[in-house]
Amino acid sequence: MLAYTVRRILVSVPVLIASTFIVFLVVVNSGDPVANFATSRQPAPSKAAVQAFARHIHADQPVLERYWNWITGVLHGDFGPSVQTNLNIGHDLFTRFRVTVTLVAAAMLIALILSVLFGAFSAIRQYTAADYSITFVGFLFLAMPVFWFAVLLKQAGIWINEKTGSQFLGTIGEKSPYLNVDTPWNEFVDRIGHLALPTITLALVSFASWTRYTRASMLEVLNSDYVRLARAKGLRRGRVITRHALRTALIPLATVTALDVASILGGAVVTETIFQWHGMGEMLVQAASTVDVYRLMAWLLLSAVVVIVFNLLADLLYAVLDPRIRYD
Amino acid sequence: MRAHPSALARGLTLAAGLVLALAACSSGGGGGGSGSGTSAGLTSCTTKGKADTCNSGATKAGGTFTYVLEKNIQQWNVQDANGNTFENGEALGVVLPQVFVPQPDLTVALNTDLVTSATQTGTGPQTIVYKINPKASWNDGTPITADDFVYYWRTNDGKDCPPPPASDATQTKGCLPQSTAGYDRVKSVTGSDGGKTVTVVMAKPFSDWKSLFGAGYPLYPAHVAEKLSGAKTGDAAHMTAAQMTEGWQYFQKTPPTKYATAGPYKMQQWVDNDHATYVPDPKWWGAHKPSLQRLIFKVITDATQEPIALQNNEVQGIYPQPEVDLVKQVKDIPNVTYTIGNGLNWEHFDLNLHNPVIGKYKALRQAMFTAISIKDIVSKTVGQFDPKVNHLGNHNFVPGQAGYQDVVTATGQGSGDLAKAKKYLTDARFTGVGTALKTPDGKTVGPFNCRYTTGNQIRQSECQILQSNLASLGIKVTIKPIGAADLGTVLVGHQYDIIVFAWVASPFPSSNAQQNWVTGGGGNYGGYSDKTVDKLVAQAVGETDQTKAAALLNQADKIMTDDAYVLPLYQKPTFLAVQTRFVNVRDNATNVGPPYNTAEWGLKK
């Protein structure tokens, strides 16, 4: 499996380079940050300032030279200049990645646990009130626009705060700018209060689709011959479900989860915007709206790496979960 | 295998219950708001003469006020072309001093905490004398002196600290001031009385002399730049370009938590992309001692989230661009006062004179502008939440400014008078008026495009109304949105026939006029050129009498209006909402924003 892993990583390098090159060409030609700079301030910047800005972001260089300088710079840890002249893109990228991971980690864990529990339960109790309820809720969250649901949750949070006379649930940012009594415990509680609403938002959206996968997969397994045989041999139902059915049913979910987590790590754009978490999603939006070429490329690079890694993880996980699969 | 009907019913009931529970949470979120938003506080701000005093009150000690910044601050030198952002001006105005401060009534007021007087003592040559307040000092104990003024002048005149050379790959070896206007006309800045009197002698007269050393662009501590660059302390007059560059770069990269400041507050903490925390500066000598325990500027980059944060008491003051839903949301929050003011931003239609037909026929331009109904535009856009919005009649001044004179209405432009518009065309021998317009030499007029920034619903409506108005003349207009990041490309590349966007007027209109209307000016994207206008604007910039300068600008404006190049529509409304338990926070539509008087903000006594 080690050889397989190394081979996969090596294959991904040219894929990464090719994708960055194509995207670089697209991004460079998608707008003119120099013209934006020249017109976005009042009084309009002098010609010298506009020229200096163009030189600073390397807009005066040929595209191929820019790409070469960028890719070789990245190998040395230099992600290139941003249209925000003092911004260190590398620092920005990793700070934002941390923020997004913080936001996503708890949500994904909760979503995974809930979706396995409810999905399996729904399958076991197929066509009962519980199954219909879970199905309905699943489809409801699948159909509900995230921006609307998040705002609804914010209002619910404010209502709870008002009823409890507290300021526990935060609607913006990772934490409060200050705490009246600044102790580690208070800071922890404050962070949890700010994490709660966006986590619920993200968790329920993922929960909705994952529950459906679990249910479908579980149903297939429960109706398979080996489960029927296990039951016929006299094994208890609970044991059959947990030891034989669920483990097999989780295999497709592992793939889906790994791929979903990879895409969410690229930025839960809507959730981050609504809850003002300055993560990868905000970075993507800002970089795209200001034609910040190198910042966008940094985002792309990290997101691509995450997708490649999680794809690999999904494949490896498959092998772990399913003894029939072996990579040579 | 079908479900039992009762099981299905139970399931749906349970799910519906969940939805109702969520909906209940949602509807209760307003906390029983009953439109009490329009309480006393800020409501009187739009009454004439009240702009500078509304929402006043005595304060009591304590409290934290969190105000929203709509953008992060990446560059801390507001004098720099790159750092010249509204948010940077707001954040730095709290801790750095400036001579004249733009006020809510759009005038400028002398900051007597910094200088006890600033007087134009002579006109030949123009001479200005500043008397620095004897108590004025940076919070590291260094007095504020003429040296700080010399440093300011020399870094902003475009000569002593020139722009970075092309060979500088990082483009950091030089100064790039946001504007050299005025400073490039200074002949000398000298200190006397132990540095407490500053005498500025101009080589060429400068009308907007009150914009020097302030007006949103405060002083930075010269001694800090001198020390870090190895220059002699107190001798900014002899700093080399390299030394000044070092200071310039330092102030770009360094938040004011790390160097000596001179404001009612000091910045205690800056968390990038999140917030700035200010606390009262014990060294502050000024007339108003801050009563707040803490002032926070919180970065919220999505305006639609601001009312929710205000409702949840996470912030106490917001200053977003108003929209119908946003205003309605704030109205429903209890214990919040708000005002919709008339700002310095003004919306306008521009014609691209590089288009051969538009550029050639003045009568066509006049007809187009006359056919446009600004009344319709206002009533279908901003008038929906601000019934006070009116047609703007000047390209340099807004109502309330001393020089304001309506030079547009009398021409009929913006009136929607189709008969008059058609007469312009028939008199100029256009054919197909009202059906398919053709020039006197038989060429089809249009189709023209009307361009606006995508996602801006108001501007989309404005283009649609224009499209309908011009159809009555026989001109076909297609509406073509501009990508969010492409406005600059479109303007600089003249990729439009008609475009709608906004400009910011200024308490100092001469410099703005030079940018926007003079041949080759940086903001003159449509390519307007008239020798008389160029001459009048140049005279206005060099006129030391403000009244005469305004008269010259209005004279130029009449010519330009007659040429039908830019049609002013209306002043864009501003929107400030603040919790009623705080006083002395009020709208300031200039480049310094509501934080122009943070020393006075506080809890109502």
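Over 47 Å apart: what share of the alpha carbon pairs of chain B falls there, rounded to a whole percent? When every Cα pair of chain B is considered, 21 percent fall beyond 47 Å. Pairs of Lys residues in region B:95-205 that lie 8 or more places apart, or on two chains, and have C-alpha atoms under 20 angstrom apart add up to 8. Indicate the gyration tensor shape class of region B:221-367 (rounded, prolate or oblate), computed on the Cα atoms with a ≥ b ≥ c the square roots of the eigenvalues: a/c under 1.5 is rounded; otherwise a/b larger than b/c is prolate and the rest oblate. Oblate is the answer for region B:221-367, as a/c is 1.5 or above yet b/c matches or exceeds a/b. Shape analysis of region B:155-293 places it in the oblate category; the axes a ≥ b ≥ c from the Cα gyration tensor give an a/c of at least 1.5, with a/b not above b/c. B:ASP441 to B:LYS535: FRET efficiency via 1/(1 + (r/R0)^6), r the Cβ-Cβ distance, R0 22 Å, to the nearest 0.05? FRET efficiency, B:ASP441 to B:LYS535: 0.10. Mind running the shape call on region B:60-219? Use the C-alpha gyration tensor, a ≥ b ≥ c as the square roots of the eigenvalues: rounded below 1.5 for a/c, prolate if a/b tops b/c, oblate otherwise. Note, shape of region B:60-219 comes out oblate. Counting charges near B:ARG586 (Lys, Arg +1; Asp, Glu -1) among other residues having Cβ under 10 Å from its Cβ returns a value of -2. Peptide A:152-164 is shielded by partner chain Cβ atoms: per residue, an average of 6 of them sit within 10 Å of its Cβ. Here the accessible area of the protein assembly as shown is 60 percent carbon and sulfur, with a 1.4 angstrom probe and all protein chains present.
For the peptide A:290-299, the mean number of other protein chain Cβ atoms found within 10 angstrom of a residue's Cβ is 1. Accessible surface ranking for B:LEU69, A:LEU112, 1.4 angstrom probe, highest first: A:LEU112, B:LEU69. Surface analysis of the protein assembly as shown yields an accessible area of 41 Å² per residue, using protein heavy atoms and a 1.4 Å probe.
Taking the inverse of the mean reciprocal distance over all distinct Cα pairs, the Kirkwood hydrodynamic radius of the protein assembly as shown comes to 31.0 Å.
Shown are B:VAL224, B:VAL324, A:VAL320, whose ranking by accessible area with a 1.4 Å probe and every protein chain present, most to least, is A:VAL320, B:VAL324, B:VAL224. Going from the isolated chain to the complete set of protein chains, region A:22-47 loses at least 50 Å² of heavy-atom accessible area (1.4 Å probe) at A:THR39, A:ARG41, A:GLN42, A:PRO43, A:ALA44.
Tell me, which residues of region B:479-501 get at least 50 Å² less accessible area when the other protein chains come in, versus the chain alone (1.4 Å probe)? Residues losing area: B:ALA485.
Using a 1.4 Å probe on protein heavy atoms only, how many Å² of accessible area do B and A hide from each other, summed over both chains and rounded to 100? Using a 1.4 Å probe, the pair buries roughly 5400 Å². Inter-chain Cβ neighbour count for B:269-281, averaged per residue, equals 3 (cutoff 10 Å, partner chain atoms only). The listed residues A:THR271, B:THR257, once ranked by accessible area (1.4 Å probe) with the largest placed first, stand as B:THR257, A:THR271. Pairs of Lys residues in region B:386-479 are counted when their Cα atoms are under 21 angstrom apart and they lie 8 or more places apart or on different chains; the count is 10.
Go through region A:255-282 and flag every residue whose accessible area shrinks by 30 Å² or more with all protein chains in place compared to the isolated chain (probe 1.4 Å). Checking the loss per residue gives A:GLN276, A:HIS278. The heavy atoms of B:ASP332 offer some 70 square angstrom of accessible surface to a 1.4 angstrom probe. Within region B:241-348, the trypsin sites (Lys or Arg not before Pro) that combine a DSSP coil assignment with at most 13 other C-beta atoms in a 10 angstrom radius are B:LYS258. Total lysine pairs in region B:252-374 at Cα distances under 30 Å, for residues eight or more apart or on different chains: 15. The fraction of Cα-Cα pairs per 5 angstrom bin, counted from 0 for region A:1-60, comes to 4, 15, 16, 13, 11, 9, 8, 7, 7, 5, 3, 2, 0 percent, rounded to whole percents.
The values are calculated or read from the model by the stated rules, or taken from the named source; none is laboratory data. Fair warning: this is a prediction, and the values are worked out from it, not measured in the lab. No Cβ is skipped: glycine too gets one built from the backbone with ideal geometry, and neighbour counts run over all protein chains shown. For the accessible areas, the whole protein counts, side chains as well, though only heavy atoms, and no ligand, DNA or RNA atoms are used. Shrake-Rupley method; radii C 1.70, N 1.55, O 1.52, S 1.80 Å.
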